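Notes follow once the structure below has been shown.
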Amino acid sequence: MASRFASPVVVAVALLVLTASGGLAVATIGPPGATGTADDGVTDATADAQGASNAAAEATTDQSNAAADASAVQQNGTCEYTSLYNETIGSVVLVQANEGQGSGFVYERTDNGTSYVVTNQHVVGESATTQIRFNQGENRTGTVVGTAAITDLAVIRVNDAPSYATALETYDGAVTPGQKVAAMGSPFGLQSTITSGIVSGVGRQLPTQRGTTVPNAIQTDAAINPGNSGGPLVDCATGSVLGVNTAGGAENIGFAIPASVVDQIAGELIANGSAQYGYLGVRVAPVTPAVAQANDLNSTQGVIVTDGIEGTPGAESLQSASGTEVVSGMQVPVDGDVIVAIEGEPVQGAGDLIGYLVAQTDPGDTVQLTVIRDGERQTIEVTLTNRPEEPNAAMHHTVGGATAIVAG
């Protein structure tokens, strides 16, 4: 019997085990376009001394208020979870759709009461409408504005939302391991639930149910269970959203889509009903010490191109690996281009490359890739495209016996 709860993505745990045990994880680079149901100064001023004084006083007051708000939820390094819960839970909702149910939160709210709720794509599935239940029991019908399956995000428009359901701010700072957090949502349909924990890791590559990969996902030990999907992972110190809970199911291991990706995708879905970004179309592997040794590289920075998907910009412009060699008992790719920067931004791993494509590019953009090819550093120009629709099976690949994951 199928569960009525939207299933979280648990393959990420297997990926982490694979890489931790010495296996070679491979990612396909190039976030695709995502489709959805479309619904749809700076003011120059001169200030006299008194005005400047007033502005300074207001800034001081704002800073004091912000400090007071932060201290309300975190004191002496200890998270005040009760205060955090009370300040944020009114913005967290239960989402019920044809394919199951999950959680969400108010991401944006207009002056006329129209709200935009962010959740996971796998929660809404193919539904055009959903039922939204707010914290105090109010029910509203929501319209799915758009979905982005490749990042597992969706936006729902809700009219006449309760006034207490204010928009939660997203976190714009650096996320660090050890940061105190709370996961909020409706696990197993139990609405208005909070679980506590810390950020266990950052920069994870999170596979989605479509077979693509979300870059720079956040790992947490806060309990994330079926029904939590789509709810916010909240920073204790600020009450802002670090990410959208999307995968759990293993004890003390859960994952969230980072706020940077949420802001990029949700903004486009609200504005356009769809999200489009540049597609490169190559599969890459991390430059491990074994890969560096086999390819005579001086460092482990970057990613090595294992192969290109036929007909894509990356396949036409970049050099794929010619084969594999055995180093310390492991097969590793050799002779492929090693991408070390995109538009001058360093690429330490696949997350940097995918993250740049998601956040900074559109189909038709031309980007400069800095690569090491045959021992020489070169700059390659590539014009990005939309990603073609492909079945999941076509998006998997093996290198040296390791299963590829899809990124983007």
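Where a number appears in this text, it was derived from the coordinates with a stated rule and is not lab data. The model shown is predicted, which means the values in this text are computed figures rather than measured ones. Cβ coordinates were reconstructed from backbone atoms using ideal geometry, including for glycine residues, and neighbour counts include every protein chain displayed.
Points worth noting:
- Stretchable slack from Gln378 to Leu190, in nm (0.36 nm times residue separation minus alpha-carbon distance): 62.2 nm
- Computed label-point distance, nm, for sites Gln368 and Glu343 using a 7 Å Cα→Cβ extension: 1.3 nm
- For Val334 and Tyr164, the difference between the fully extended length at 0.36 nm per residue and the C-alpha to C-alpha distance is 55.5 nm.
- Listed peptides 149-157, 312-320, 118-126 by packing density, highest first (mean Cβ within 10 Å): 149-157, 118-126, 312-320
- Segment 255-305, Rg to Rh (Cα coordinates; Rh as Kirkwood inverse mean 1/r): 1.22
- Whole-angstrom gap from segment 162-188 to segment 92-130, using each part's C-alpha centre: 16 Å
- Neighbours of Ser115, meaning other residues whose beta-carbon lies under 10 angstrom from its beta-carbon, give a summed charge of +1 when Lys and Arg score +1 and Asp and Glu score -1.
- Sorted from longest to shortest, the spans of the Cα atoms of segment 180-272 along the three principal axes equal 33, 27, 24 Å.
- Once the chain from Thr143 to Thr82 is taken as fully extended at 0.36 nm per residue, the excess over their C-alpha distance is 18.7 nm.
- Ordering Leu94, Thr141, Gly104 by Cα displacement along the dipole of segment 87-158 toward the positive end leaves Thr141 in first place; charges were set at the Cβ atoms of Lys, Arg (+1) and Asp, Glu (-1).
- Take the Cα of Asn386, step 7 Å toward its Cβ, do the same at Glu310, and the gap between the two points is 2.2 nm.
- Residues in segment 283-320 reached by a label modelled at Val326 [backbone nitrogen below 20 Å; 7 Å Cα→Cβ]: 288-296
- Simple spin-label estimate for Thr110 and Asn252 in nanometres, 7 Å along Cα-Cβ: 4.7 nm
- Translational diffusion coefficient (Stokes-Einstein; Kirkwood radius from C-alpha pairs) of segment 87-158 at 20 °C, 1.002 mPa s, in µm²/s: 180 µm²/s
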